[in-house]
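First comes the structure, then the notes that go with it.
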Amino acid sequence: MRYLTAGESHGPQLTTILEGFPAQVPLAESQVNAWLEKRQAGYGRGRRMQIEKDHVEFLSGVRAGRTTGAPITLKIENADHRNWLEIMDVGAGNEPRKKALTAARPGHADLTGGIKYRHKDLRDVLERASARETASRVAVGAIALQLLEACGVQGANYVDRLGGIASAVPFSWDRLEEIEASPVRCLDATAAAQMVSRIDRAKTDGDTLGGVLEVRFRGITPGLGSYSHWDRKLDGRIAGAIMATQAVKGVEIGRGFENADIAGSSVHDAVYYRSEASRDMGHYERTTNGAGGLEAGMTNGEELIVRVALKPIATLMTPLPTVDVVTHEAADAARERSDTTAVPAAGVIFQCVIATVLCEAYLEKFGCDTLPEILERLEVYRDFVKLY
C-alpha cells in the first residue's frame with residue numbers, strides 16, 4: 001500500500017491517491033469526514049479552521065459503499081482558495097505576485113526551501129510545506145482505520161503536556177468520551193483549564209505553544225513488521241512517518257527516554273506462561289509494557305504506545321528577526337494566518353499517520369486483495385498463536 005498527496009495550502013484542492021488498499025472494505029465519505037472534522041477542532045486553532053469545513057470526495061476506487069481494490073482518489077477542496085485566485089494563478093505574469101513572501105520565518109521551510117529550489121518568493125515553499133497537507137494524511141489514515149477496526153484494532157490519542165503544563169491523570173480506555181469532550185483532549189480537568197489559560201496568554205502575546213501527545217493502539221496481533229531488515233522494522237517505520245509530519249521534533253515508543261536512565265532488569269518486560277490462552281498472545285503474557293508494544297522491530301501483542309513531541313508553530317504574530325531574501329536587509333519574519341497551538345489537533349493527525357503504517361503491516365502479513373481473505377488468514381494466525 002502506498003499513497004501520494006498533492007496540493008498547496010491556498011490552492012484549489014488537496015488531492016490524494018491511495019493505491020494497494022484491499023477490496024470489499026465498507027467505506028463512506030462520512031467516515032473520513034468525521035476524522036477531518038476532528039483534525040480541525042481543538043482549542044488554540046486559528047481563523048483558517050473557521051473558513052475551511054473539510055469534506056472528502058471519493059473520485060475513484062469506491063463504489064456502492066465499499067472499496068473496489070482500484071486506486072482510491074480523494075479530493076478535499078480548499079474553501080479559502082476563492083480569496084487567493086489571483087495570487088495562486090498558475091498562469092505566467094503578474095509578478096511579483098500579491099502576498100509575495102520574502103522575509104523568511106525562522107523554524108519554517110522558507111529559507112532553506114528557497115535556496116534548494118531557487119525561489120525568491122518564498123510562498124512557493126510555504127504553500128506546500130504548510131501543515132494544511134496533513135488533511136490528506138488524515139483522510140488516508142481514516143480509511144486505514146476502517147481496516148484496522150475490522151481486524152479488531154482500536155486506537156486513541158490524547159494530550160499529555162501543552163505549553164509546559166502536564167496532565168497528572170493516567171490514560172484509560174474507559175474514558176475516551178472525556179478526551180473527545182475536552183477542548184484540549186486532556187483527561188486532567190485541572191491541567192486542561194490551565195492549558196486553555198496558557199493558550200489565551202500566548203495568543204495575546206503573539207506567541208505559539210508546543211506539547212507532547214500520546215497515541216495508543218490495542219488489539220494488535222504480534223508479529224507485524226520484521227527484525228531481519230532495517231527498513232522493515234515497524235518501530236522505524238512508525239517513527240519515520242511521525243517525524244515526517246510538520247513540526248515534530250521527537251518520537252518515543254513506550255518508556256523510551258526513561259529506559260535510558262535505568263538498569264535493564266527494570267526495563268525489559270518479563271514473559272510468563274498462563275494456563276488459558278488469550279485471543280492475541282496465546283499462553284504468553286507480560287505484566288509490564290515498557291517496550292510500548294514493539295520489540296526488535298515487531299509488534300509483540302501488547303498495547304502500542306507512541307509519544308510525540310511537537311514544537312511550537314513557526315509562524316508568530318510577534319515575529320522574530322530574519323533577513324529579506326530579496327534585499328538582504330534585516331527584517332521581521334513574515335506573518336501568516338496561523339494557530340496559537342495545534343497540539344490538541346495533532347494527536348488526531350498522529351493517530352491517522354500511525355494507523356496507515358499499521359494498515360500497511362497488516363496487508364504485508366495477511367495479504368492485500370480483499371477484506372474477507374485478510375480476516376480468514378488473520379483468524380488462522382490467531383489459532384496458531386494460541387497453540388504456540
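Points worth noting:
- Relative contact order (%) - the chain, alpha-carbon pairs under 8 angstrom, separation at least six: 23 percent
- Segment ALA100-ILE87, extension gain: residue separation times 0.36 nm, minus the distance between their alpha carbons: 3.8 nm
- Computed packing ranks the peptides 343-354, 112-123 as 343-354, 112-123, most packed first, by mean other Cβ atoms within 10 Å.
- Charge tally in the Cβ shell below 10 Å around THR318, where Lys, Arg are +1 and Asp, Glu are -1, THR318 excluded: -2
- Residues in segment 152-168 that a label on ALA41 would reach, taking backbone N under 20 Å of a point 7 Å out along Cα→Cβ: 154-162
- Note that segment 33-74 carries a Kirkwood radius of 12.2 Å, evaluated over its alpha carbons pair by pair.
- Candidates ASP369, ASP205, ASP261: whichever shows maximal mean-square fluctuation once the chain is modelled as a Gaussian network with Cα springs under 10 Å: ASP261
- Proportion of all alpha-carbon pairs of segment 265-388 beyond 23 Å (%): 58 percent
- Remark on segment 2-387: Rg and Dmax equal 22.2, 76 Å (Cα only).
- Modelled FRET efficiency - R0 25 Å, ARG335 with ASP200, Cβ distances, 0.05 increments: 0.80
- Ellipticity estimate at 222 nm from DSSP helix runs (n ≥ 4, -39,500 (n - 2.57)) divided over the chain, nearest 500: -10000 deg cm²/dmol
- Candidates THR67, THR315, THR287: whichever shows maximal mean-square fluctuation once the chain is modelled as a Gaussian network with Cα springs under 10 Å: THR287
- Whole-Å distance, taken between Cα centres, linking segment 63-96 and segment 1-33: 12 Å
- Inter-part distance where segment 140-213 and segment 243-299 are each reduced to a Cα centre, Å: 22 Å
- With respect to the chain, whose longest principal axis is taken over its alpha-carbon atoms, helix 343-366 is tilted by about 50°.
- Fully extended contour minus Cα-Cα distance, from ALA270 to GLN31, at 0.36 nm per residue: 82.1 nm
- Crossing angle, helix 189-204 versus the chain [Cα axis fit, 0-90 degrees, rounded to tens]: 20 degrees
- Long-range amide H partners of GLN13 with built H, under 5 Å: GLU8, ASN78
- Environment charge of ALA361, counting only residues whose C-beta is closer than 14 Å and scoring Lys/Arg +1, Asp/Glu -1: +2
- The chain: angle of helix 371-387 to the longest principal axis, Cα-based, in degrees nearest 10: 50 degrees
- Summing +1 for each Lys or Arg and -1 for each Asp or Glu among the other residues whose beta-carbon sits under 13 angstrom from that of PRO372 gives -2.
- Here's how it looks for GLU295: its modeled amide H is under 5 Å from those of ASN300, which are all 5 or more places away or on a different chain.
- Largest mean-square fluctuation among LYS311, LYS38, LYS98, in a Gaussian network model of the chain whose springs join Cα atoms under 10 Å apart, belongs to LYS98.
- Compared with the alpha-carbon gap, the fully stretched path from THR287 to GLU149 is longer by 47.2 nm at 0.36 nm per residue.
- Förster-model FRET efficiency, 30 Å R0, LYS311 and LYS116, C-beta, rounded to 0.05: 0.90
Laboratory data are not the source of any read-out in this text; all were calculated from the coordinates shown. Note that this is a predicted model, so its numbers are computed, not measured. Every residue, glycine among them, receives a Cβ derived from its backbone with ideal geometry; neighbour counts consider all protein chains shown.
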